[in-house]
Amino acid sequence: MSHKTAIITGASSGIGKSCAQRFASEGWNLVLVARRGEKLAQLTTEIETEYKVKVDSLTLDVRNQESGDDLVHFLDKQNITPDLLLNNAGLAVGLSPIQQGEFDDWERMIDTNIKGLLYMSRAIAQLFIKQGFGHIINIGSIAGKEAYPNGNVYVATKFAVDGLTKSMRMDLNQYGIRVSQVAPGAVETEFSLVRFKGDEARAKSVYDGFQPLSGADIADAVFYVANAPKHVNINDLVIMPTAQASAMLIKRDN
Ligand code: NDP
Ligand code: 8X3
């Protein structure tokens, strides 16, 4: 059986971790990327034991401009030919009106969600062009389709992902490289804990009274996008919990 290989950024938690498990369960080899090396090491052992695929991991901060080249160098050294880059690493930090925004929160979101995605995409797109094949899937958000109050900078970063996905698809069209986006609504992960800076009660309350999506729900969709026949590109998938009709409209039981 010939194994395909997926690079997954933000694989230490949430959607990225679920994607790693899902792709491995279908026989894909993996290159896992995140900052928390101990979490990647644990996940690597779990996946290799359970699914008998090859898992490499690289502790890396996508905000560093050189991280794209570091990743390519790592792939070259390990003799890995990747089929897919899943640009998933991302975060929201804070939820406040524009006039009260924290500069540091803004920098973290812009540097991770936009610049990090750019650094990874530039380096891997060059490799895909050289190889003659490849697929980039970006994790956007409902926040990249609709603005909501206090979302300002996070919303802007996800609108940027939406625009970049479209534009990158045009840039890479002549090389036969597919570019897709998966844009989820509310998914219960570490996302809200990060957004609310460790406030567990506030993070939990985001999902009160309705069934949010799980990382596994998004992994299903990402796997579907990645496995479409070669002549098929799924440009964009927006996925919401049934209880969520728009960024702000959620039917809660309580
Ligand atoms: P999690 O917080 O559970 O996971 C985020 C992942 O991103 C972690 O693995 C984290 O790893 C990684 N990450 C963050 N910053 C960096 C960095 N600088 N360099 C490398 N890795 C980084 O949240 P989710 O799984 O929910 O988020 C994944 C993606 O999904 C994000 O892009 C998010 O915007 C998007 N999304 C989430 C939704 C939700 O409701 N949860 C809805 C729509 C989109 P580490 O800390 O180890 O570096
Ligand atoms: C995460 C979903 O609605 O909190 O992208 O922005 S939302």
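The values are calculated or read from the model by the stated rules, or taken from the named source; none is laboratory data. Computed from a prediction, not measured in an experiment: that's the story for all the values here. Every residue, glycine as well, gets a Cβ built from its backbone with ideal geometry; the counts of neighbours run over all protein chains shown.
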State the number of residues belonging to region 218-235 that are more than 11 Å from ligand 1 (Cβ to nearest atom) and under 14 Å from the mean Cα position of the chain (by Cα). 5
Do we have ALA221 as over 17 Å from ASN88 (Cα atoms) and surrounded by 13 or more Cβ atoms within 10 Å (Cβ to Cβ) here? no
At pLDDT 95 or above, over 21 Å from ALA216 (Cα atoms) and not acidic (Asp, Glu): which single residue out of GLN21, GLN42, GLN99 fits that description? GLN99
Got at least one residue in region 78-97 being within 29 Å of VAL194 (Cα to Cα), touching a residue at least 24 places away in the same chain (Cβ under 8 Å), of a type outside the set (Asp, Glu) and in contact with a Cys (Cβ under 9 Å, 6 or more places away or on another chain)? yes
Filter region 182-211 for residues that are within 16 Å of ligand 2 (Cβ to nearest atom), among the small types (Gly, Ala, Ser) and assigned to a helix (DSSP H, G or I); which is surrounded by the fewest Cβ atoms within 10 Å (Cβ to Cβ)? SER205
Is it the case that region 202-211 has a residue that's within 24 Å of ARG22 (Cβ to Cβ), touching a residue at least 40 places away in the same chain (Cβ under 8 Å) and either within 11 Å of ligand 1 (Cβ to nearest atom) or not basic (Lys, Arg) (or both)? yes
Suppose the filter is more than 11 Å from ligand 2 (Cβ to nearest atom), within 21 Å of THR112 (Cα to Cα) and either part of a loop (DSSP other than H, G, I, E, B) or not basic (Lys, Arg) (or both); does VAL179 pass it? yes
Flagged in region 157-201 as of a type in the set (A, V, I, L, M) and without any contact (Cβ under 8 Å) to a residue 24 or more places away in the chain, in numbering order, are MET170, LEU193, ALA201
Picking from ASN138, ASN150, ASN233, which residue would you name as being touching a residue at least 40 places away in the same chain (Cβ under 8 Å), among the polar types (S, T, N, Q), closer than 18 Å to ASN87 by Cβ and within 16 Å of ligand 2 (Cβ to nearest atom)? ASN138
Please count how many residues of region 1-29 are over 17 Å from TYR224 (Cα atoms), in contact with a strand residue (DSSP E or B) (Cβ under 9 Å, 6 or more places away or on another chain) and either more than 16 Å from ligand 2 (Cβ to nearest atom) or not in a helix (DSSP H, G or I) (or both). 5
Here's a check for you: in region 45-69, which residue that is part of a helix (DSSP H, G or I) and either in contact with a helix residue (DSSP H, G or I) (Cβ under 9 Å, 6 or more places away or on another chain) or of a type in the set (D, E, K, R) (or both) is surrounded by the most Cβ atoms within 10 Å (Cβ to Cβ)? ILE47
Output the residues belonging to region 80-111 that are more than 18 Å from SER57 (Cβ to Cβ) and not in a helix (DSSP H, G or I). GLY90, LEU91, ALA92, VAL93, GLY94, LEU95, SER96, PRO97, GLY101, GLU102
